[in-house]
Structure formats: structure tokens, C-alpha cells
Amino acid sequence: MQEERGGFIRSRVRDGSKVLDIGCRDGGLTAEYVGKAGSVCGLDIDAGALEIAKKLGIETIQVDLNGPWNIEPRSFDHVVAAEVVEHLYYPDEVFRKIAEVLKPGGTVLGTVPNAFSLRNRARYLMASKQHTPLMDPTHINHFTVRELTGLLEARFTDVRVIGAGRLGKLAERFPQEFAFDLFFEATAP
């Protein structure tokens, strides 16, 4: 869903804005919007991946997202958290840090896999993790729409969780049941 994720983020990043991309890895998704942003800073724990990301012309900082970030408060227009929150031990703490580094009115934009779609639930009932988010052992958190919405509403306003996937409008209308990914956006107060 690279194209869908990239389109979602690109459509929401304001021209010339300052973006913090947490868990940017090698910049594969960052490349989808880097030309629209004024500047991008990518954070990741993997130094080798960050070397590749630098080729996009972005600033990179090696950091464990579970630890201190040492980022200037209220300094970014957008924080991108695409396909990363499910890998972190304390997502509520990560959202707290995101809220701290966003300017008032700034937005957090992100995506997480939907482990609890009907298709995935059927696979679990058949005692199979194959082709589900549970298959990835680095996914230590799995979110329902309600859980994700609650985490965001604790720190942000104008929270939206949008279903995305092959089922299109059905995934948008009934994200918990039919979405492959959950896209989210919220505003810093």
C-alpha cells in the first residue's frame, strides 16, 4: 500500500512545511512527499537505513523512539508516523512526544495495519497468522479503531481514523471490519 500511504500523506503535507518523519527507515515513504515539504527530518534507530534516507536530501537523526528524542518543542508543522507505532512499546508516550514537537495547529499523519479486520479475524479463528499483521514479530502493538482513536484523542483534536485497502469505500465506511490499513490524522491543540 505504498502508493496509498504516500498519497494520503502527500495530500495533507502543506507546501513548504517543516516535517518530522519518525521511523523513516530508508526514506521509502518519505520520498512520496519530500518534494512538497520545505524540510524533512527523519528519525530512526537504524543507522544504515538513515544513510540511504540522506540521499533524499533530508536531515536524519539516529534515535530510539522509545527513549528521549531531544527535539525542540513546537518546532514542526507535521509529524509523520507511518507504519511505525505498532513497533513501539509505549504508543501513548510516542503520541505525547509528537504532541510536544508539533506547533499549535500542526498535524500528526500516520498509518497502522488493521490486525482486527474480519479477514484477519477469520484467519486467527483458523489458527493462522499467515498474511496478517501478527505474522510480523516486530509488531508489538495492534490497534482497533476505537483504541487508536482513543490514543489520539488523549493528546489531539480533530481526530480522524480512515480505513484504506482493496475494498475502497467499504473500508472507508467500515474501517474496523474491512480496512487493510488504518490511516490517521489529528491536530495539535
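The values are calculated or read from the model by the stated rules, or taken from the named source; none is laboratory data. Here the structure is a predicted model, which is why all the values come from computation and not from measurement. Reconstructed Cβ throughout: ideal geometry from the backbone, glycine too, with neighbour counts over all protein chains shown.
Cβ-Cβ below 6 Å, separation at least six or inter-chain, first residue in the stretch 124-144 and closer than 16 Å to THR111 by Cα, second surrounded by 12 or more Cβ atoms within 10 Å (Cβ to Cβ) and basic (Lys, Arg): which pairs?
THR132/ARG123
From LEU182, LEU148, grab the single residue that is in contact with a strand residue (DSSP E or B) (Cβ under 8 Å, 6 or more places away or on another chain), at pLDDT 95 or above, buried (at least 21 other Cβ atoms within 10 Å of the Cβ) and part of a helix (DSSP H, G or I).
Of LEU182, LEU148, the one residue that is in contact with a strand residue (DSSP E or B) (Cβ under 8 Å, 6 or more places away or on another chain), at pLDDT 95 or above, buried (at least 21 other Cβ atoms within 10 Å of the Cβ) and part of a helix (DSSP H, G or I) is LEU148.
Within the stretch 99-115, can one find any residue that is in a loop (DSSP other than H, G, I, E, B) and surrounded by 13 or more Cβ atoms within 10 Å (Cβ to Cβ)?
Among the residues of the stretch 99-115, at least one is in a loop (DSSP other than H, G, I, E, B) and surrounded by 13 or more Cβ atoms within 10 Å (Cβ to Cβ), which makes the answer yes.
Select from the stretch 42-58 the residues that are without any contact (Cβ under 8 Å) to a residue 24 or more places away in the chain and within 19 Å of the chain's Cα centre (by Cα) and list them in ascending order.
GLY42, ASP44, ILE45, ASP46
Of the numbered conditions (1) in contact with a strand residue (DSSP E or B) (Cβ under 9 Å, 6 or more places away or on another chain); (2) among the aromatic types (Phe, Trp, Tyr); (3) surrounded by fewer than 21 Cβ atoms within 10 Å (Cβ to Cβ); (4) closer than 21 Å to HIS142 by Cα, TYR89 satisfies every one except a single condition; which is it?
Evaluating TYR89 over (1) in contact with a strand residue (DSSP E or B) (Cβ under 9 Å, 6 or more places away or on another chain); (2) among the aromatic types (Phe, Trp, Tyr); (3) surrounded by fewer than 21 Cβ atoms within 10 Å (Cβ to Cβ); (4) closer than 21 Å to HIS142 by Cα leaves (1) as the failure.
Of everything in the stretch 151-179, what is of a type in the set (A, V, I, L, M, F, W, C), part of a loop (DSSP other than H, G, I, E, B) and under 16 Å from PHE116 (Cβ atoms)? Give them in sequence order.
LEU167, PHE174, ALA179 - these are the residues of the stretch 151-179 that are of a type in the set (A, V, I, L, M, F, W, C), part of a loop (DSSP other than H, G, I, E, B) and under 16 Å from PHE116 (Cβ atoms).
Only one residue in VAL80, VAL94 is in a helix (DSSP H, G or I), within 17 Å of the chain's Cα centre (by Cα) and of a type outside the set (D, E, K, R), so which one is that?
Among VAL80, VAL94, only VAL94 is in a helix (DSSP H, G or I), within 17 Å of the chain's Cα centre (by Cα) and of a type outside the set (D, E, K, R).
The rows are residues; the columns are (1) within 14 Å of the chain's Cα centre (by Cα); (2) within 22 Å of GLU93 (Cα to Cα).
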position	(1), (2)
GLN130	no, no
LEU134	no, no
PHE143	yes, yes
GLU147	no, yes
ARG155	no, yes
ILE162	yes, no
ARG166	no, no
